[in-house]
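One structure is given below, encoded as structure tokens.
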Amino acid sequence: RSRSSVAAMRSTMRDSGAPGQEIVPDFTVLAVDGQLELSLNGRNAPELRISRAYRDMMQEYQRNKKDKAAKDALLFIKQKLDSAKWFIDAIKQRQHTLMVTMEAIMEHQREFFLSGDETKLKPMILKDIAEKVGMDISTISRVANSKYVQTNHGTYLLKFFFSESLTNQEGEEVSTREVKKILKDAIEAEDKRKPLTDDELTALLKSKGYNIARRTVAKYREALRIPTA
């Protein structure tokens, strides 16, 4: 696909409770020759400007400002132009917030965006990104909970990339997302006539170096909306 068609395409949601629902992504992150390219969807980056007709009108009233009606009209137009300039500045600030937030997420999860492998996702919480971009956690939370990104591997809600960390047997910090992916793959590959129990899933994870309690395995399984054996 061309880059423009990928950016514009409507894609099926990932990691949501509404499979099959179509969305238009807010961002596009494409892996091209080992490099990541980030862009903001045009609907979030409208080109706004002040109409020249109103600028000309204001200049005309300025030439006749001794006339009370012209003076009142000039004041009215100036107030509206100031409001318009403020609105344009607010839109630009919003675009900046979206871009720097997405860029920070992209850099933190670079390996995933390049490979599409969920086990490459790193632990990442709202505070990590808030500190990187110098914004409030509440701002990052609003972006993460409402925006989508189109990648070479599918379309994701930004909160998909956030997860807590746990420590494996080698003392390395890994993402809980990684553990959930291993659980999901194991359950998809199981013999459906003899499904894996939580105890067996716990043993499987321990064999892979993840020392996790059975109740935690059950919690992750439930988070994946997978029923018990």
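Hey, does the stretch 123-143 have a residue that's outside any helix (DSSP H, G or I), on the phi < 0 side of the Ramachandran plot, basic (Lys, Arg) and open to solvent by 30 Å² or more (accessible area, probe 1.4 Å)? It would help to see each step written out before you state the result.
So in the stretch 123-143, the residues outside any helix (DSSP H, G or I) come out as 123-125, 134-136.
Pick out the ones that are also on the phi < 0 side of the Ramachandran plot and you get 123-125, 135-136.
Still in the list and also basic (Lys, Arg): none.
Among the residues of the stretch 123-143, not one is outside any helix (DSSP H, G or I), on the phi < 0 side of the Ramachandran plot, basic (Lys, Arg) and open to solvent by 30 Å² or more (accessible area, probe 1.4 Å), which makes the answer no.
Are any residues in the stretch 96-113 more than 18 Å from residue 36 (Cα to Cα) and open to solvent by less than 40 Å² (accessible area, probe 1.4 Å), and if so, which ones? Give the derivation first.
Taking the stretch 96-113 first, the residues more than 18 Å from residue 36 (Cα to Cα) are 96-97.
Scanning the stretch 96-113 gives a single hit, 97.
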Hey, any hits in the stretch 195-210 for a residue that's more than 27 Å from residue 145 (Cβ to Cβ), touching a residue at least 40 places away in the same chain (Cβ under 8 Å) and surrounded by 13 or more Cβ atoms within 10 Å (Cβ to Cβ)? yes
Considering only the stretch 21-40, I want to know if a residue exists there that is at pLDDT below 80, touching a helix residue (DSSP H, G or I) at 6+ places or on another chain (Cβ under 8 Å), surrounded by 15 or more Cβ atoms within 10 Å (Cβ to Cβ) and not acidic (Asp, Glu). no
Please verify whether residue 60 is open to solvent by 70 Å² or more (accessible area, probe 1.4 Å) and within 24 Å of residue 167 (Cα to Cα), treating the condition exactly as stated. no
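Among the residues of the stretch 2-12, is any open to solvent by 80 Å² or more (accessible area, probe 1.4 Å), under 22 Å from residue 161 (Cα atoms) and at pLDDT below 75?
yes
Within the stretch 158-174, can you find the residues that are surrounded by fewer than 16 Cβ atoms within 10 Å (Cβ to Cβ) and part of a loop (DSSP other than H, G, I, E, B)? Break it down into steps so the answer makes sense when it comes.
At the first step, the residues of the stretch 158-174 found to be surrounded by fewer than 16 Cβ atoms within 10 Å (Cβ to Cβ) are 164-165, 167, 169-173.
Result: 164, 169, 170, 171, 172.
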Within the stretch 127-158, track down each residue that is touching a residue at least 40 places away in the same chain (Cβ under 8 Å) and of a type in the set (Lys, Arg). 147
Of the conditions (1) more than 30 Å from the chain's Cα centre (by Cα); (2) open to solvent by 30 Å² or more (accessible area, probe 1.4 Å), the single one that residue 184 does not satisfy is (1)
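Given the structure, is residue 80 of a type in the set (Lys, Arg), in contact with a helix residue (DSSP H, G or I) (Cβ under 8 Å, 6 or more places away or on another chain) and either at positive phi or in contact (Cβ under 8 Å) with a residue 40 or more places away in the chain (or both)? Even if it seems obvious, please write down each step before you answer.
Numbers: of a type in the set (Lys, Arg): yes; in contact with a helix residue (DSSP H, G or I) (Cβ under 8 Å, 6 or more places away or on another chain): yes; either at positive phi or in contact (Cβ under 8 Å) with a residue 40 or more places away in the chain (or both): no.
Here the answer is no, as residue 80 does not meet what is asked.
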Do we have residue 92 as surrounded by 14 or more Cβ atoms within 10 Å (Cβ to Cβ) and among the basic types (Lys, Arg) here? no
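Within the stretch 83-122, count every residue that is polar (S, T, N, Q) and either touching a Phe, Trp or Tyr at 6+ places or on another chain (Cβ under 6 Å) or free of Cβ contacts under 8 Å to residues at least 40 places away in the same chain (or both). Let's see the steps before the verdict.
From the stretch 83-122, those polar (S, T, N, Q) are 83, 93, 95, 97, 101, 109, 115, 119; that's our starting set.
Pick out the ones that are also either touching a Phe, Trp or Tyr at 6+ places or on another chain (Cβ under 6 Å) or free of Cβ contacts under 8 Å to residues at least 40 places away in the same chain (or both) and you get 83, 93, 109, 115.
Of the residues in the stretch 83-122, 4 are polar (S, T, N, Q) and either touching a Phe, Trp or Tyr at 6+ places or on another chain (Cβ under 6 Å) or free of Cβ contacts under 8 Å to residues at least 40 places away in the same chain (or both).
The values are calculated or read from the model by the stated rules, or taken from the named source; none is laboratory data. For clarity, every value in this text was computed on a predicted model and none was experimentally measured. So basically every Cβ, Gly included, is an ideal-geometry build from the backbone, and we count neighbours across all protein chains shown. These accessible areas exclude ligands, DNA and RNA; they are computed on the full protein's heavy atoms, side chains included. Shrake-Rupley method; radii C 1.70, N 1.55, O 1.52, S 1.80 Å.
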